[in-house]
1. Give, in nm to one decimal, the length gained when the segment between Glu151 and Glu50 is fully stretched (0.36 nm per residue of separation minus the Cα-Cα distance).
2. Please arrange Lys194, Lys59, Lys318 by counting, for each residue, the other beta carbons lying within 10 Å of its beta carbon, fewest first.
3. Using a Förster radius of 35 Å, what is the FRET efficiency between Arg5 and Ala343 based on their Cβ-Cβ separation? Nearest 0.05, please.
4. Provide the net charge surrounding Gly330, with neighbours chosen by a C-beta distance below 15 Å and charges set as Lys +1, Arg +1, Asp -1, Glu -1.
5. Report the FRET efficiency, 1/(1 + (r/R0)^6), for Arg97 and Phe307, where r is their Cβ-Cβ distance and R0 is 35 Å, rounded to 0.05.
6. Sort Val346, Val334, Val261 so the one with the fewest other Cβ atoms within 10 Å of its own Cβ comes first.
7. May I ask you to list the residues of the stretch 106-120 whose amide nitrogen lies under 14 Å from a point 7 Å from Cα along the Cα→beta-carbon direction of Lys33?
8. Determine the sum of side-chain charges near Ile64: Lys and Arg each +1, Asp and Glu each -1, restricted to other residues whose C-beta is under 14 angstrom from that of Ile64.
Amino acid sequence: MIIQRYVVREVLQKFLSVLALLLVIFASFSFVKFLAQAAGGTLSSALIFELLVLSVIAKLPLLIPLALYAAVLMGLGRLYSDSEMVAMIACGVGLGRIVSAVFWMAVVICMLAMVLSLHVAPKISVLRADVYAQAKEESEITLIYPGRFKELRDGELTLYVESLTDDGRVMQNVFAQVRKNGREDIIVAQTAKKRVEGHFGHQYIVAQDGHRYTGRPGDLDYELTRFGSHGFLIEQGNTEPSFRKQDAYPTLELMRSDRAVHQAAFQARLSKPISIVLLAMLAIPLARSAPRQGKYAKLFTAFLVYFAYNNGVEVFQKFIERGDITPLIGVWPVHLAVAGLAAFLVLSQSLAPGYLRRSLIRIRGV
């Protein structure tokens, strides 16, 4: 038990360090993206931190398998490079006890990740979509400055604002020219606000208390309309409703759905926690190295295997979405292949004749 606790502590310390590093990297990239959107006026700076936290939490089910995989590789790799693993085997500690310690630790982490992937992540995705829509709605007008003409929508819309309120959210004395299909609308209003409308997140400017002149340039028969409120599009939103994207569906709804795309999304969501155990088992034989090889000797090969595994899951997910394979087959052949490879490598290493003798010879030769 002491040896197993020692191995678990070694791997767990590496796991927390790697996970923290991955989170910092992802958070940094996300922060730069949100900051650029805020600087462009399409995102409220007041909600950047909230969006960043939600994005990091939503990314945890994807980062945890990679972090544990790297932790097992580095933790056991250090034990091999410092000859501690060989000393354990010489004292009668078989590879099976090392496998058992790593396996049960991976199972515990897998259970936590399953709760995150199947229950927490969908709720976070919905909340993040709501906050993102609110951040866009509360943002200042996109690159519009008082006293300047601004062209939007590839020149279809020209906007002029005389002034903004102190909070930058209400435009005053607004002039807009909308050109489309040879006709134009000229809109003059006392005030206007930016608004995100509909499930697709389209962005509009809603003018209040004004007049609209509609006609063709050069004609004299312009149509005059007085309005209390009038909106015109300034930016297209998503092609799919944000709250109905696959990552936002409740897991039970995906399970009960007959649509191939929902079944593929469910299996992809379930694959993340499953991969934690499989990758941890696969990392045990891949971490083995000779004393002179160094603790990170096989990291390159190991990560090639990781990317092949991930790509295999994504390819089979696409096959399900297109109907090339049934959801009953699904992504399971990829998991079975990785499980078979991990079992073969572990058994080959533990049952290899002369493994202990060769290890001791290496120690004497160091």
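1. The Glu151-Glu50 span can extend by a further 33.2 nm.
2. Lys318, Lys59, Lys194
3. The value I calculate is 0.90.
4. +1
5. The computed FRET efficiency comes out at 0.70.
6. Least to most surrounded, the residues fall as Val261, Val346, Val334.
7. none
8. Here the charged neighbours net out to +4.
Every number here is computed from the coordinates shown, using simple stated rules; none is lab data. Just so we're clear, the structure is a prediction, and the values are computed from it rather than from any experiment. Every residue, glycine as well, gets a Cβ built from its backbone with ideal geometry; the counts of neighbours run over all protein chains shown.
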